[in-house]
1. If we scan the range 142-155, do we find a residue that is over 12 Å from the mean Cα position of the chain (by Cα) and more than 14 Å from Phe402 (Cα to Cα)?
2. List pairs: first residue in the range 419-438 and within 16 Å of Val179 (Cα to Cα), second residue loosely packed, with under 13 Cβ neighbours inside 10 Å anywhere in the structure, Cβ distance under 7 angstrom, at least six positions apart or on different chains.
3. Show me the strands (runs of 3 or more DSSP E) entirely contained within the range 1-91 in which 1 or more residues are at pLDDT 95 or above and more than 35 Å from the chain's Cα centre (by Cα).
4. Given the criterion out of contact with any Leu (no Cβ under 8 Å at 6 or more places or on another chain), surrounded by fewer than 17 Cβ atoms within 10 Å (Cβ to Cβ) and in contact (Cβ under 8 Å) with a residue 60 or more places away in the chain, identify the matching residue among Ala97, Ala71, Ala60, Ala109.
5. Which one of these is assigned to a loop (DSSP other than H, G, I, E, B), out of contact with any strand residue (DSSP E or B) (no Cβ under 6 Å at 6 or more places or on another chain) and either modelled with pLDDT under 90 or surrounded by 17 or more Cβ atoms within 10 Å (Cβ to Cβ) (or both): Ala375, Ala346, Ala368, Ala358?
6. I'd like to know if the range 84-92 contains one or more residues that are among the hydrophobic types (A, V, I, L, M, F, W, C), more than 22 Å from Asp7 (Cβ to Cβ) and surrounded by 15 or more Cβ atoms within 10 Å (Cβ to Cβ).
7. For the range 318-343, give me each residue that is modelled with pLDDT under 85, part of a loop (DSSP other than H, G, I, E, B) and out of contact with any helix residue (DSSP H, G or I) (no Cβ under 8 Å at 6 or more places or on another chain).
8. Regarding Ala187, is this residue in contact (Cβ under 8 Å) with a residue 60 or more places away in the chain and in a helix (DSSP H, G or I)?
Amino acid sequence: MLPRLSDPIVAIATAPGRGAVGIVRVSGRDLAPLIAAVCARPLPPRQAVYGAFVDAHGAAIDHGLALHFPAPASYTGEDVLELQAHGGPVVLQLLLARCLEAAAETDPATGRERLPGLRVAEPGEFTQRAFLNGKMDLAQAEAVADLIDASTEAAARSAGQSLSGAFSREVEALRERIVRLRMLVEATLDFPEEDIDFLRQADADGQLAAIVGALDATLDRARQGALLREGIHVVLAGQPNVGKSSLLNALAGAELAIVTPIPGTTRDRIGQTIQIEGVPLHVVDTAGLRETADEVERIGVARSWQAIAGADAVLFLHDLTRRGQPDYDAAEAAIAQRLGLSAAEAGDARVLHVFNKADAAPPRDLPAGAIALSARSGEGLATLRRALLEHVGWHAVPEGVFIARARHVQALRRTAAHLARAGEHLHAPNPALDLFAEELRLAHDALGEITGRMTPDELLGEIFARFCIGK
């Protein structure tokens, strides 16, 4: 559900906790009466003014900078007031309460409330108003949250690209090319006796192929941007004492997990986020997979299988020093069977075979695609890092990457599917140009969902609800 968009709103716009500076932000129509009550003076547009923020009796709550951004030259497109005070949580709460109080007071000059209906903003409501007032499109609005949430430098830079409009410009360029082709096709529908020859002369087939090529390039960059935003969920799986905890420590470069020669030391999931070439990897160490009578360890093993089910990549760890032992090999085969593999199979959509302890036993007769390493010495770690990125489809894009979300990738894939069907109608023995035109329209609409041109209110509410309060 969309919030009440006609109400003026106020919120603390900085993160909870203590800091040098904290900001209280107000957005609405005609904030001059509220400014006079809280700042005890009018404010010139877009100039920082130092002074006191006062209570109802004129006593100072705090001293700081006040900035007034009259509409439409503001973040939200409405009048915006920012009060930059000392960053203590009590001070900011007092300022927030004072704004709400002052808004409900009667203005002596008019005899009416200074800012009727002022309320605390909902999560993402400032940015939502910026989108609805045409200050940014939906992809740029989402990039605001992605920039705040970025966990790596590469993700932050890519979010900045999207916020500047790079992604939106590519999407709009594709929409414009589809519109031109739609105009050409729909114009021919009025002259059916000449339509096919006219489309051939206008090279409709070539135009469609060029659009598909440009879309493929955009989709590739969006997929890479989605990886930067979401990261890769990697689960370390295998029998007890194959070196899962040691590998987690080696990848993280810190002693995160306890490592002992006692089987069953790890009894629950231990997670850590690392980065490889700027891509976040959410690595989870799990309890060793085995049958056990220990109730606590049994729960840990069950959680291990749950983590495996939700992983983007599974590192199936094997112990080179125990290969050939009947009990060990039988347990390996049982795990492989549950993973949907044969014991010697290396190729699967998510599973990557890793043979550990290469410093203690020679890595011989490994299945194709398997990686041998030593978590203790670090041998083979660089190869594993590269393999993980390749496994999930990461590659450097020469033109750079813009941050993208799963919904963006899905919309681009739907666009590609509609264009593919459009091509089928065009190349049919008896071309169905009305269906060709309809598929182009659907492709155009799917692209519009990315920037908000064709986005339902329910989706808008879901998107902005994930923002932090005050943004």
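1. No: zero hits.
2. That search, which allows pairs on different chains as well, returns Leu433/Leu189; Asp434/Leu189; Ala437/Leu189.
3. Numbers: elements: 9-12, 19-28, 49-54, 60-69, 79-87.
Ranges flagged: 49-54, 60-69.
4. Ala109
5. Residue meeting the stated conditions: Ala368.
6. Looking for residues that are among the hydrophobic types (A, V, I, L, M, F, W, C), more than 22 Å from Asp7 (Cβ to Cβ) and surrounded by 15 or more Cβ atoms within 10 Å (Cβ to Cβ), one finds at least one in the range 84-92, hence yes.
7. Gly340, Leu341
8. Spelling it out, it is not the case that Ala187 is in contact (Cβ under 8 Å) with a residue 60 or more places away in the chain and in a helix (DSSP H, G or I).
The values are calculated or read from the model by the stated rules, or taken from the named source; none is laboratory data. Keep in mind that this is a model prediction, so the values were computed, not measured. Heads up, the Cβs are rebuilt from the backbone with ideal geometry, glycines too, and the neighbour counts pull from every protein chain shown.
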